[in-house]
Structures are given as structure tokens and as C-alpha cells.
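Heads up: the structure comes next, in C-alpha cells.
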Amino acid sequence: PLILDQDNTPAIDANTGLFRTSARSWWSASNDGSNITDGGAASKLPAPNSRNLWINISGDTSLNKLDTTLTAAQIGVEKNSERDELINYIRGYETGTTSLRQAIGDPIHSTPSLVTYGCTATDDKGECTNEIQSAIIGTNEGFVQMFDTNNGVEQFAFMPRELLGNLRRLADNNTMPTKPSTNKPSHLYGMDNSVTVWAEDTNKNGVIDGSEFVYAYASMGRGGRSLYALDITNRTAPKLKWIIQGGSGDFTRLGQTWSAPIKTKIKVGSTITNVLIFGGGYDPNQDPLGEGQMNVRRTDGQGNDLFIVNAETGALIWSASKAGIDMKYSIPSKVSAIGLELNAANQPTINADGLTTQIFVGDMGGQVWRFLINNGGSGNSLASGKTFASVAGSDAVNARRFYSEPALTLLNVNNKINLSVSIGSGYRGSPLDKVIQDRFYSFRTEDLNKLGTPLEESDLYNVTSYADHVDQQALLQKSGWYINLASNGEKVLSSTMVIGSELYFNTYQPVLAQDSCRANLGISRGYRVNLWDGTAINDTRFSILKGATLPSNPQVYCKGDTCWAYNDPSQLVETPPNPPQCSGPNCPTPAKGYDMASKSRLYWTDKPEEE
């Protein structure tokens, strides 16, 4: 399979991994594939005075148009002339001119989320061939923006009032804030995270109609400590439902909102409740301390929490800190939430009501946490939690950190079902770090519905040197395995994907530029290994990703009954049946029917996304 452009021709050059010069992106009238300033949604932006831009200028949930009807004082300036200059800039003019900018902000850590509102045409099988669909994304210009996927036209954009202070720097384009530790210019951040969407299609007819709705939950990444809930049922008239502000009220421990919330359901008392679950976020205390200083593991004053809130109101239902669970390290990662439980026959099953029963998440101290939901409970007893694994040390070399959610699935080991938890470490706050020895871990436990004893590295089998075979009996005596990544800075900076018996994850390794006048992209690798023992699927554990710098998350693409998994768009791999992993009566096999990756995609998200 290939990724095709608008002309139905290959979009990517197989030799470089980059877009072909002759490729034509969607919504573009010209061949713009190799020029990032052409085509795309930016070229389709409405005229500045016609854009549908909104802001909560009063700081509450009321919305105002982001235009010159706002006063200079509301914008935070003294003169109307400066207000007009900044408003005109953010609406789409070059600073101080009437020349069009035709640009949108960079979405460094944000992936578009798709929302299907309806369908205008179907084929003879009744399948939709022309969706009424939108993509919503956060950018570092400070907007949460919605685009019509059929033509690329912006439908609305919302900017939180707290980001108004960035307008002057954006318009000047040369006065970025500086990092105190290095006194070097820092990137300017806004709505620096993916948007979580809850599309409530109650009657499952593929159309948002009647009393059905679509809500979007926008977090800020490095841009701030808030979480915004938008009602986007009307694609051109957003409403602000509620705001959670970190550092205040029930959310004093909420740090920079890096942990995009997971939308799911739990039972609070006798009521099945729609909730959001998210980590406490990031503490900038974890940023590099400066040249010559060792970036060892250190405790945090914010972000060291886990939250469950009402998805309708934003009200806190439960938090780890209020329940008395002592968490020392911040949690920027998204959580992994599953409905695994045991039935009357003591066999693993999925909760029949689609309720979450367990949560896994990593932290900045090299720990993986496990929480059990007491569905039907309330207050502090609604959930319990403790460390599932701890694999970091106090020195710089072992200061491993987890930024991405673990991948969960079940294995049949010696005719007993085990839960597998796979995750890779990497210092995302310092991609060029070469001190920390990062690793990829795959833990497993027989404790399917209890917290158990925390695992340590000594409980795992080091399979680094065994790419083609592993001592199966020795591995059976351990609680999983790990792979040492290259000692000169290779690290995992993206999430892990599990499909059947295979694991997919990407790594990045910084490389010193030989020519100081040219940038060096470093080396990115796409790994594909056996879930059970970490051995290679096809001769080698990884391939070099062409044209890649910091790699994105592994993806899965399905068409009909066939699916493809890929770490890099130029290297789509068809997923085969479960391959043999060893021979003999003690060989573990994936537990058929219990692929937690696909189950989480079915139960815990409300949009057809890639994660």
C-alpha cells in the first residue's frame, strides 16, 4: 500500500521519505508537495475580516469575537493603534500592513482529531462515500481551530484569553521569551496539544442530529495549565462549556496540561458517569538544568497527580492526591484506560457496560502507575493506586522518564493469562541528551485485577543481545524483558502500538553535525518486535526512518478487513497472522479475543483516530 496525493499518485519519495516535488496536497490547485508554505489549510483561510475567531475576553465561559470591537485595555495595550495592529495580525495580515499572511500556527505536539457530523452520499453497500467531516487541532499561534476536511476551509478558531500576551511576540516575530538556564530564545507555545473529542451519536446512525452533540477538550501543553471544554455541535458557532485552571481550587497540583484527557465512563455510586481521566501534567522543573549540570531524576511541585472529572461539567470526581496517594513525579503522559475484569468463572473479560476498570500511566521518575476503579464507589474510595513498576535511579545515567502512555494487551503464558504493559523511556524535554541510558520495557503480570508487588528492572530479562532468539525457559522465570537502546542518546519519544503479537515503537538518536553550518536531523528508527520476547520480526528489530527527525507515533491504517501498521508513512507493513515465536509446550501465545489495543480503540475513544 502507498500514501497517495490528491491526484491518486504516490505522495512520498521512497528514496528520501519526504514528499515528492510533484505531489499535490489536498485542497491545493498546484503541485506543492515539497513546499510547506504552499497548499494545505493555510492557503484556504478566509479573508481576515471574514474569519470566525472567538475569545473568552472576560475570563469566563462567555465568548466574544476576536476583532477590533475589543478595547485596547482588554487586549492589554494602551493605544487603539496597537490594538488594531495586533488584532489585524492575528486575523491574518502581515504586521502593520494589509498584505495577507495565509499562515496557521505550528502544531508541534498536536495531531488533528476528526469528527464526522453526517453523510451526503453512500455506495451500493450503504457505506458513506462523502462524509460531512471536520478536523480540529491546537496550534502554537494560540488557537483551537476547526477545518472542513472536504475543502480545507477554516470553520472557527478559539483563543483563550490567557494567551493574549503572546500577540505582541507573534506579531514582532523576533522577541521570543528566553530560557533562564541558557539565555537562548525559546519557542513560543499556545494550544500545544491534541484535542480530545466526544461525539455523542446516540442512535448510531452516523449523523449528529436531534439532541446529540460534539464536545472538544483542548489542553495547552507547554502553553499553560488550563483545560478548555468546547461545545462544537454547531461547526461555526462554538460554545465554551467550562474551564479548569491549574494551580487553583481542586486543581492546585495540575501542571502544564500535557496529558490529553481520555474520555470514558465509570460508575459513581449508582450512576454511570461520563468522565475525563488525565495525568497531572508537566512541571518545568523537569526541563534541562543547563550546560554542565547533570539532569538527574528530581521530584516535582506540580503535575504529580491523576485526575478524574465529570466530562459534562468539569467538576472533580477523584484525584490521587485527595485520596492520599503520594506521587512525587509529574505525569505529562496520556493515560491508558481499559475495561479488563474477571468474570464469575475467574476468566478475563471486558466490562459489559463499557466502564473503565483500570488505568496505567508513566511518570517523570521512571515509574509506571496502576490504578483500579471501584465502580459503584464514591469519594476517595472510588479508585486505588500504587506503582506497578519502577526502573529509574538517582544518578544521571539512570534518570529515565516516561512521556507517553503504555501499550496494554494480554498474553497466554503457560496456559495462564498475563497482562502485558509495554513502554519506552526518553527525555523529551531534552531530545539531544546523550547521558541517560534509555530502554524499552515490556512488563507482564499474572495479577489481572489487583495492584500486586511493584516490578523492578531485576525482575526483567535483558534481551538486548538476543535479536533473533531468547532462552525461553529463562524468560519464563522473569516478569518481562527490556532492550537497552544505543548508549549515545537513542530514546523513545512517541507512544507504543501493539497489534496481536507485535510491538511497534519509534526512537530518535541525536547525531553531532559534521558541518556546523548545517543542521543535522539525527537518526530515527522504527522498531517492530515480538511482544513476548523482543526478538525481531524480519531479521532486524528496526529500520531507519527516511527523512525523519523526531518521529511521530506508530500508526495503523485499515481498509475493509485488511490493516497495515507503519512507523513511517513510506514503510507501510501489512499485518500478518500471529507469527510463531518459539516451539515447544511452554511457548506463550497472544490471548485471542483480548487485544487491549483494539478494545481501547473501540471503547475508550469516540472518534476514528489513529491512536
Neighbours by Cβ (under 8 Å, 6+ apart or cross-chain): first from the stretch 65-86, of a type in the set (Lys, Arg); second open to solvent by less than 30 Å² (accessible area, probe 1.4 Å) and not in a loop (DSSP other than H, G, I, E, B): 65/53; 65/55; 79/72; 83/72; 83/75
Sole exception among (1) in contact with a strand residue (DSSP E or B) (Cβ under 7 Å, 6 or more places away or on another chain); (2) open to solvent by 30 Å² or more (accessible area, probe 1.4 Å) for residue 321, by number: (1)
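Specify the residue that is nearest to the chain's Cα centre (by Cα); the eligible residues are those in the stretch 251-275 that are outside any helix (DSSP H, G or I), of a type outside the set (Gly, Ala, Ser) and under 18 Å from residue 328 (Cα atoms).
First, pick out the residues of the stretch 251-275 that are outside any helix (DSSP H, G or I): 252-275.
Applying the additional criterion that residues be of a type outside the set (Gly, Ala, Ser) yields 252-254, 256-258, 261-268, 271-275.
From what is left, the residues that are under 18 Å from residue 328 (Cα atoms) are 252-254, 256-258.
Values: 252: 23, 253: 21, 254: 18, 256: 14, 257: 12, 258: 9 Å.
It comes out as 258.
Considering 95, 61, which residue is in contact with a strand residue (DSSP E or B) (Cβ under 7 Å, 6 or more places away or on another chain) and open to solvent by 40 Å² or more (accessible area, probe 1.4 Å)?
Details: 95 fails: in contact with a strand residue (DSSP E or B) (Cβ under 7 Å, 6 or more places away or on another chain).
Just a single option satisfies the conditions, and that option is 61.
Restricting the search to the stretch 221-250, which residues are part of a strand (DSSP E or B) and open to solvent by 60 Å² or more (accessible area, probe 1.4 Å)?
First, the residues of the stretch 221-250 that are part of a strand (DSSP E or B): 226-231, 239-245.
The answer is 239, 241, 245.
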Where residue 364 falls short, out of the listed (1) within 20 Å of residue 449 (Cβ to Cβ); (2) buried (at least 24 other Cβ atoms within 10 Å of the Cβ); (3) touching a Ser or Thr at 6+ places or on another chain (Cβ under 8 Å): (1)
Output for the stretch 444-457, where each listed residue is open to solvent by 80 Å² or more (accessible area, probe 1.4 Å) and outside any loop (DSSP other than H, G, I, E, B): 456
Near pairs, Cβ below 8 angstrom, 6+ apart or cross-chain, from the stretch 261-286 (open to solvent by 10 Å² or more (accessible area, probe 1.4 Å)) to any residue that is part of a loop (DSSP other than H, G, I, E, B) and among the basic types (Lys, Arg): 262/334; 285/298
Filter pass, residue 278 being under 20 Å from residue 322 (Cβ atoms) and under 21 Å from the mean Cα position of the chain (by Cα): yes
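Hey, any hits in the stretch 120-128 for a residue that's within 23 Å of residue 240 (Cβ to Cβ) and of a type outside the set (Val, Ile, Thr)?
Keep residues of the stretch 120-128 that are within 23 Å of residue 240 (Cβ to Cβ), which gives none.
Within the stretch 120-128 (the criterion being within 23 Å of residue 240 (Cβ to Cβ) and of a type outside the set (Val, Ile, Thr)), the answer is no, since none of the residues qualifies.
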Any strands (runs of 3 or more DSSP E) falling wholly within the stretch 484-595 and containing at least 2 residues that are modelled with pLDDT of 50 or more and open to solvent by less than 60 Å² (accessible area, probe 1.4 Å): 497-499, 502-509, 523-530, 555-559, 562-566
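Residue under question is residue 354, and the condition is that it be open to solvent by 20 Å² or more (accessible area, probe 1.4 Å), in a loop (DSSP other than H, G, I, E, B) and farther than 23 Å from residue 416 by Cα; does it hold? Before the answer, list the steps.
On the way: open to solvent by 20 Å² or more (accessible area, probe 1.4 Å): no; in a loop (DSSP other than H, G, I, E, B): yes; farther than 23 Å from residue 416 by Cα: yes.
So residue 354 fails the test.
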Qualifying residue in the stretch 195-216 (condition: in contact with a Gly (Cβ under 7 Å, 6 or more places away or on another chain), of a type in the set (Gly, Ala, Ser), outside any loop (DSSP other than H, G, I, E, B) and within 23 Å of residue 52 (Cα to Cα)): no
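Does residue 80 meet the test of being in contact with a Ser or Thr (Cβ under 9 Å, 6 or more places away or on another chain), open to solvent by 60 Å² or more (accessible area, probe 1.4 Å) and modelled with pLDDT of 95 or more? Please lay out each step first, then the result.
On the way: in contact with a Ser or Thr (Cβ under 9 Å, 6 or more places away or on another chain): yes; open to solvent by 60 Å² or more (accessible area, probe 1.4 Å): yes; modelled with pLDDT of 95 or more: yes.
Yes; evaluated as a whole, the condition is true for this residue.
Taking residue 100, is it open to solvent by 30 Å² or more (accessible area, probe 1.4 Å) and under 20 Å from residue 53 (Cα atoms)? Write out each step before concluding.
Working: open to solvent by 30 Å² or more (accessible area, probe 1.4 Å): yes; under 20 Å from residue 53 (Cα atoms): yes.
Yes.
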Unmet requirement for residue 464, which otherwise passes all of (1) open to solvent by 40 Å² or more (accessible area, probe 1.4 Å); (2) out of contact with any strand residue (DSSP E or B) (no Cβ under 9 Å at 6 or more places or on another chain); (3) assigned to a loop (DSSP other than H, G, I, E, B): (2)
When residues of the stretch 416-432 are limited to those that are farther than 19 Å from residue 339 by Cα and touching a Leu at 6+ places or on another chain (Cβ under 9 Å), the one surrounded by the most Cβ atoms within 10 Å (Cβ to Cβ): 424
Residue that is modelled with the lowest pLDDT [pool: residues in the stretch 31-47 that are in contact with a Leu (Cβ under 9 Å, 6 or more places away or on another chain) and surrounded by 19 or more Cβ atoms within 10 Å (Cβ to Cβ)]: 33
Complete set of residues in the stretch 367-403 that are open to solvent by 20 Å² or more (accessible area, probe 1.4 Å) and in contact with a Gly (Cβ under 8 Å, 6 or more places away or on another chain): 372, 376, 378, 380, 390, 392, 398
Count of the stretch 12-26 residues which are assigned to a loop (DSSP other than H, G, I, E, B) and either crowded, with 20+ Cβ neighbours inside 10 Å or over 26 Å from the mean Cα position of the chain (by Cα) (or both): 10
Answer residue from the stretch 330-351, given it is polar (S, T, N, Q) and under 13 Å from residue 277 (Cα atoms) and is surrounded by the most Cβ atoms within 10 Å (Cβ to Cβ) among those: 333
Subset of the stretch 200-220 [open to solvent by 20 Å² or more (accessible area, probe 1.4 Å), under 25 Å from residue 129 (Cβ atoms) and touching an Asp or Glu at 6+ places or on another chain (Cβ under 9 Å)]: 200, 201, 202, 203, 206, 207, 208, 209
Filter result for residue 194 (farther than 22 Å from residue 172 by Cα, of a type in the set (Gly, Ala, Ser) and open to solvent by 40 Å² or more (accessible area, probe 1.4 Å)): no
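The values are calculated or read from the model by the stated rules, or taken from the named source; none is laboratory data. Since the model is a prediction, treat every value here as computed from it, not as a measurement. Here Cβ is always computed from backbone atoms with ideal geometry, including for glycine, and neighbour counts include all displayed protein chains. Note: areas computed on protein heavy atoms with side chains; ligands, DNA, RNA excluded. Shrake-Rupley method; radii C 1.70, N 1.55, O 1.52, S 1.80 Å.
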